[in-house]
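Take a look at the structure below.
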Amino acid sequence: MSSSSTTCTSHPEPPALNLIPSLPDDVALNCLARIPRSQHPNLSLVSKSIRFLLSNPLFFNARSQLQCTQSVLYLTLRSHGSSLLWFTLHQNPRNSSSPNLLVPVPPIPSPAVGSAYAVIGPMIYVIGGSINDVPSSHVWVLDCRFNKWQRGPTMRVGREFAAAGVVDGKIYVMGGCVADTWARSTSWAEVLDPAIGRWDTVPSPVEIREKWMHASAVVDDKVYAMADRGGVAYDTQNRAWEGVGCELDMGWRGRACVVNGVLYCYDYLGHIKGFDMKQGLWKKLRGLDKVLPRFLCGATMANVGGNLLVVWESEGGGKEIKIWCAEIVVSKNEDGELFGKIGWSGKVLSVPKGSSIVHCSAVAL
C-alpha cells in the first residue's frame with residue numbers, strides 16, 4: 001500500500017482540461033494541434049480550457065511531434081538610435097480583407113548594436129553586440145511560443161558583428177572580437193550546445209582571425225562567415241577550416257539566406273541572386289523584374305517554410321517609412337537557371353522615419 005501511495009504522489013495525474021466534450025483530452029489535443037496557426041486567435045475564443053492549452057508547452061510539443069509546425073517570421077527594426085523594435089508577421093495571404101501585418105512583441109531587455117542571431121526550434125538567440133560601444137558576451141533568448149525573453153549562457157568573450165550559424169542543434173559563433181589577447185585568440189570561435197548550456201572554444205588558425213563579419217550562412221553543415229577581407233567556412237563534421245572561393249567572396253555582400261541549398265542575397269544592382277555551391281556560380285533570380293520595385297532598400301531575407309521571404313523599406317512620405325514583404329516561391333529548371341514567383345507581396349508596417357531593418361528570422365511554431 002505504501003509503495004502504491006508513493007507512486008501516486010510521485011506521478012500525479014494531469015488535471016483534466018475537458019478540451020472537447022465527449023473526447024479524451026489526448027485525442028482532443030491530437031486534433032487541436034493540427035489546426036493551422038493562423039486560426040489560433042479564433043480557436044482561443046472557443047473555451048477557457050482551449051485558451052489555456054494554446055499557451056501550454058504541451059500544445060507546442062504535440063505540434064512538433066505531429067510535424068504540424070509552421071514557419072513564422074520575426075523581424076527586428078532599429079528606431080531612434082539604439083532602440084530595437086521586435087515584430088512577428090501575422091500572415092493571411094488567402095484573405096484580402098484581412099491583410100498580412102507585423103504585430104509587436106516584447107522588446108529585448110538589453111538592446112545592443114551588431115548582435116548575431118541564431119534559431120533553434122522555437123528559440124531565437126541574440127548573441128553579443130556592443131552596449132555603450134563595449135562588445136558584450138551576453139546572450140538573450142526569445143521563446144517565440146510565448147514571446148518571452150530569458151538570459152542565455154554567457155560567451156567566453158564579448159563580440160559585435162560576429163558570424164553565427166546552427167548545425168545539428170548547436171550554435172557556432174566566430175569573429176566580432178579583437179584577437180589581441182590569449183583568451184580572445186583561443187576563443188575567436190565558440191560553439192554552444194543548448195542541452196549542456198555552456199560555450200566551448202573551437203580551435204581556429206591565426207590567419208583567419210578577422211574581426212568584423214558582415215554576413216554568415218549555413219550550407220551542407222558548413223558555417224560560412226564573410227569578413228571585410230575574404231571569407232572562411234568551418235566544416236562542423238570534419239572540424240576543419242576552409243577558404244571561400246573568389247566567386248562567392250566577390251558576389252556576397254550583406255544579408256543572405258539559404259533555400260534548397262542555394263544561397264540568396266541582394267546585390268547593389270538591384271537584383272536578387274543565388275549562388276549554387278555545387279556549380280560555384282552566381283545566377284540572377286529571374287521572373288521578378290516586373291513584380292518587385294527596382295531597388296529594395298534595406299533588403300533582408302529568410303527561408304520561411306521553403307520559400308524566400310524578402311523584407312525591405314520604402315519612403316512613406318512625411319515622417320514615416322513603409323516596411324514591405326514579399327514571399328517568393330523559388331525553383332531551378334533543368335539548365336540550372338533560378339526562377340522566382342511571387343506568392344504574395346504587400347506593405348506590412350509603417351514606422352517613424354529613420355528606422356531601419358536589422359534582421360529577420362524564421363521560427364517553427
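The values are calculated or read from the model by the stated rules, or taken from the named source; none is laboratory data. A quick note: this is a predicted structure, and the numbers were derived from the prediction, not measured. Glycine gets a Cβ as well: all are built from the backbone with ideal geometry, and neighbour counts include every protein chain shown.
Within the stretch 229-237, the presence of a residue that is farther than 30 Å from Gln150 by Cβ, assigned to a strand (DSSP E or B) and in contact with a His (Cβ under 8 Å, 6 or more places away or on another chain) is excluded.
Considering the stretch 180-206, the residues that are hydroxyl-bearing (Ser, Thr, Tyr) and part of a loop (DSSP other than H, G, I, E, B) include one that is surrounded by the fewest Cβ atoms within 10 Å (Cβ to Cβ), namely Thr181.
Number of residues in the stretch 35-85 that are under 23 Å from Ala362 (Cβ atoms) and in a helix (DSSP H, G or I) equals 14. Residues considered: Gly346, Gly317. Of these, the only one that is part of a loop (DSSP other than H, G, I, E, B) and at pLDDT below 95 is Gly317.
Taken residue by residue, the stretch 305-321 has at least one member that is touching a residue at least 60 places away in the same chain (Cβ under 8 Å), of a type in the set (Val, Ile, Thr) and closer than 26 Å to Val173 by Cα. Each residue in the stretch 133-165 was checked for being surrounded by fewer than 17 Cβ atoms within 10 Å (Cβ to Cβ) and assigned to a strand (DSSP E or B), and 5 pass.
Mind telling me which of the residues Lys273, Lys319 ends up being at negative phi, among the basic types (Lys, Arg) and touching a helix residue (DSSP H, G or I) at 6+ places or on another chain (Cβ under 8 Å)? Selected residue: Lys273, the only one of Lys273, Lys319 that is at negative phi, among the basic types (Lys, Arg) and touching a helix residue (DSSP H, G or I) at 6+ places or on another chain (Cβ under 8 Å).
Step by step: first the residues of the stretch 216-231, then only those that are of a type in the set (A, V, I, L, M, F, W, C) and in contact with a Phe, Trp or Tyr (Cβ under 6 Å, 6 or more places away or on another chain), then the one that is nearest to Gly176 (Cα to Cα). Which residue is that? Ranking the candidates gives Met226 first.
Right, Gly298: within 28 Å of His90 (Cβ to Cβ), of a type outside the set (A, V, I, L, M) and not in a strand (DSSP E or B) or not? No; evaluated as a whole, the condition is false for this residue. Here Gly306 fulfils each of the conditions (1) under 30 Å from Ala112 (Cβ atoms); (2) within 16 Å of the chain's Cα centre (by Cα) apart from (1). Right, Ala225: part of a strand (DSSP E or B), in contact with a Lys or Arg (Cβ under 9 Å, 6 or more places away or on another chain) and either on the phi < 0 side of the Ramachandran plot or not basic (Lys, Arg) (or both) or not? Here the answer is no, as Ala225 does not meet what is asked. Looking only at the stretch 120-132, residues that are surrounded by fewer than 19 Cβ atoms within 10 Å (Cβ to Cβ) and either within 12 Å of Gly165 (Cα to Cα) or acidic (Asp, Glu) (or both) come to 1 in all.
Taken over the stretch 121-132, the criterion of being of a type in the set (S, T, N, Q) and part of a strand (DSSP E or B) is satisfied by Ser130 alone.
Selection over the stretch 201-234 of residues that are of a type in the set (S, T, N, Q) and more than 19 Å from Cys257 (Cβ to Cβ) gives a count of 2. Over 26 Å from Leu102 (Cβ atoms) and assigned to a loop (DSSP other than H, G, I, E, B), is that true of Lys278? When the stated conditions are applied, Lys278 passes them.
Residue-level check: of (1) closer than 25 Å to Val167 by Cβ; (2) among the small types (Gly, Ala, Ser); (3) surrounded by 13 or more Cβ atoms within 10 Å (Cβ to Cβ); (4) modelled with pLDDT of 90 or more, Gly245 misses just (4). Restricting attention to the stretch 252-275, the residues that are surrounded by fewer than 16 Cβ atoms within 10 Å (Cβ to Cβ) and not aliphatic (A, V, I, L, M) total 7.
Can you report the number of residues in the stretch 19-30 which are surrounded by 15 or more Cβ atoms within 10 Å (Cβ to Cβ) and either at pLDDT below 85 or acidic (Asp, Glu) (or both)? Count: 1.
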